[in-house]
């Protein structure tokens, strides 16, 4: 009887381990560094027209109660703040991103860390096809907050200005020739 219980316990324990590793998606090895989670974020939302994004990988980047905030142009040169969840982002963009072809890459990054919290100021460049079939290029800044639990990073929030094509990114956030020497303050 004890042997059966021991065999049952071992099977349940090892099977659970296998499934939990698979549940974390193929990006789990990349999520234990700031560079890994940021590259995975940009990589998962980017792709050519017709390519469906890996939304399970996208969801895996975020903490349970994560939020995404977008400053949207309002009336009289004002802005309105819109708050969505990662699931809302997927619902809004799952068809759109693959329809237009959307590629966003990081140009520069400033990172500040204190304890388990990390603030990433990430300058990006986006290439996409507009409604007229023309390629557009915009630059902006993603303001990303991360939580490190000792094993991996989770995105707690992302804030960006949805009017980026009408706002010049200051030179201090646009190093020449897409310089990737990051300023990291630890």
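The values are calculated or read from the model by the stated rules, or taken from the named source; none is laboratory data. Keep in mind that what you see is a predicted model, and the values were worked out from it rather than measured. For neighbour counting, all protein chains shown are included, and Cβ atoms are generated from backbone atoms with ideal geometry for every residue, glycine included.
Structure above, values below:
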item	result
Residue match in the stretch 165-177 (condition: touching a residue at least 60 places away in the same chain (Cβ under 8 Å) and within 17 Å of the chain's Cα centre (by Cα))	no
Residue in the stretch 97-106 that is modelled with pLDDT of 90 or more, under 23 Å from residue 60 (Cα atoms), out of contact with any strand residue (DSSP E or B) (no Cβ under 7 Å at 6 or more places or on another chain) and surrounded by fewer than 17 Cβ atoms within 10 Å (Cβ to Cβ) present	no
Condition check for residue 132: over 23 Å from residue 64 (Cα atoms), at pLDDT below 95 and out of contact with any strand residue (DSSP E or B) (no Cβ under 9 Å at 6 or more places or on another chain)	yes
Failed criterion for residue 150 (all others in (1) under 18 Å from the mean Cα position of the chain (by Cα); (2) within 20 Å of residue 61 (Cα to Cα) hold)	(1)
Matching option when the condition is surrounded by fewer than 16 Cβ atoms within 10 Å (Cβ to Cβ) and more than 19 Å from residue 34 (Cβ to Cβ), among 54, 76	76
